[in-house]
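Trainee: Before anything else, here's the structure in question.
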Amino acid sequence: MHDYLLSLLLGIIEGLTEFLPVSSTAHLRISEALLGIDLGNGFWKMYSIVIQLGAILCLPIYFWPRIRRFLATFPRGERNDRTALTHPLTLVMIAFVCTAGPAFLLTKIIGKHLESLYVMGVALLVGGIIMWIIDAHFGSPRTVGRHMTEHMEEVSTIQAIWIGICQIASAVFPGTSRSMSTIAAGQVAGMSRTAALEFSFFLSIPTMVAATGYDLLRTLHPKHGEPLGSMPADTHEWIVLMIGFVVSFIVALAVVAWFMNWVRKRGFAPFAIYRIIVGIAVLVWVMKGHA
């Protein structure tokens, strides 16, 4: 397959899966294995980082009106019932801190061997089952209007800490999905589907910027050993990189807008079922010796 077409395809996959609770990491890894991409190649490692950055950039653009309103009402909040420590923006950063430190230490201890198709298949399967059970119990029509937290402006400090802790699983076990872990954690903590999803999106901004920035730093300024990836070596590779970046941004922007409307009406069960099916398929594939 031509590199430009390959970049277009991977950019679409990244944009489609980054913010859905299905794990973009697993989908990219599976796609790369199916397409025969050399995962040890420095350029393709850099490519994976850059197209993720493209997807990230859609969030501050899509949520800019909300972000601007949050900034304008800091620290009292839109309803004058918040403080500098309980404002939604502060709670997002609290959740981020609860994730960042432990996740960094755990990934250092456990190592990169977890980034295997077998681990991702298990994470997709188990995460799908958990998500289906949680959404059925906490997101059913019987609970609508009786959530402790219907809107993101009502999130508590305890809920933010809990979501941050639960997000560690997605950082340590590829295939878990950051959005799945935060959405499920939010529902368990009494948040409505919409509130849990919106908080998940806001938490994605510092989390993904930090993770992607760290990977870029390791690529451009490695401290020890080989760099994580390598910069494009010629015009061809720069074009391949830019195609993936732009496509992932455009597709992710459309997905975020669509997903917000979908969840308000239908919930997360279809994504849970999809995860289970893909997880089983990946495990069968791995066990037959194709990866």
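Trainee: Within the stretch 185-197, is even one residue in contact with a helix residue (DSSP H, G or I) (Cβ under 6 Å, 6 or more places away or on another chain) and either among the aromatic types (Phe, Trp, Tyr) or under 19 Å from PRO60 (Cβ atoms) (or both)?
Mentor: yes
Trainee: For the stretch 33-85, which residues satisfy the criterion of being small (Gly, Ala, Ser) and surrounded by 10 or more Cβ atoms within 10 Å (Cβ to Cβ)?
Mentor: ALA33, GLY42, SER48, GLY54, ALA55, GLY77, ALA84
Trainee: Another question about this same structure. Could you tell me whether VAL247 is at pLDDT 95 or above, part of a helix (DSSP H, G or I) and under 18 Å from the mean Cα position of the chain (by Cα)?
Mentor: yes
Trainee: If TRP238 meets every condition in (1) under 28 Å from GLU153 (Cα atoms); (2) of a type in the set (Phe, Trp, Tyr); (3) over 17 Å from the mean Cα position of the chain (by Cα); (4) at pLDDT 90 or above apart from one, which number is that one?
Mentor: All conditions are met except number (1).
Trainee: Based on what the data block shows, is LEU6 under 13 Å from VAL240 (Cα atoms) and buried (at least 18 other Cβ atoms within 10 Å of the Cβ)?
Mentor: So LEU6 fits the description; yes.
Trainee: Which residue out of ILE158, ILE205 is modelled with pLDDT of 90 or more, in a helix (DSSP H, G or I), of a type in the set (A, V, I, L, M) and over 17 Å from the mean Cα position of the chain (by Cα)?
Mentor: Answer to the check: ILE158.
Trainee: Still on this model: Testing VAL172 on (1) in contact (Cβ under 8 Å) with a residue 60 or more places away in the chain; (2) surrounded by fewer than 24 Cβ atoms within 10 Å (Cβ to Cβ); (3) farther than 19 Å from GLY54 by Cβ; (4) more than 15 Å from the chain's Cα centre (by Cα), one condition comes back false. Which one is that?
Mentor: Every listed condition holds for VAL172 apart from (4).
Trainee: Yes or no: GLY267 at pLDDT below 95, crowded, with 16+ Cβ neighbours inside 10 Å and closer than 18 Å to SER200 by Cβ?
Mentor: So GLY267 passes the test.
Trainee: Which condition number in (1) without any contact (Cβ under 8 Å) to a residue 12 or more places away in the chain; (2) assigned to a helix (DSSP H, G or I) is the one that ALA210 fails?
Mentor: Every condition holds for ALA210 apart from (1).
Trainee: Quick one: which residue in GLY186, GLY213 is surrounded by fewer than 18 Cβ atoms within 10 Å (Cβ to Cβ), among the small types (Gly, Ala, Ser) and within 20 Å of ALA100 (Cβ to Cβ)?
Mentor: Step by step, each of GLY186, GLY213 is checked, and only GLY213 is surrounded by fewer than 18 Cβ atoms within 10 Å (Cβ to Cβ), among the small types (Gly, Ala, Ser) and within 20 Å of ALA100 (Cβ to Cβ).
Trainee: Looking only at helices (runs of 4 or more DSSP H) that fall completely inside the stretch 1-71, which ones have 3 or more residues that are under 18 Å from ALA257 (Cα atoms), under 15 Å from the mean Cα position of the chain (by Cα) and in contact (Cβ under 8 Å) with a residue 24 or more places away in the chain?
Mentor: Where helices (runs of 4 or more DSSP H) fall fully within the stretch 1-71 and carry at least 3 residues being under 18 Å from ALA257 (Cα atoms), under 15 Å from the mean Cα position of the chain (by Cα) and in contact (Cβ under 8 Å) with a residue 24 or more places away in the chain, they are 3-17, 42-56, 58-62.
Trainee: On to the next question. Do we have ALA195 as at pLDDT 80 or above, closer than 18 Å to PHE19 by Cα and touching a strand residue (DSSP E or B) at 6+ places or on another chain (Cβ under 7 Å) here?
Mentor: Yes.
The values are calculated or read from the model by the stated rules, or taken from the named source; none is laboratory data. Note that this is a predicted model, so its numbers are computed, not measured. So basically every Cβ, Gly included, is an ideal-geometry build from the backbone, and we count neighbours across all protein chains shown.
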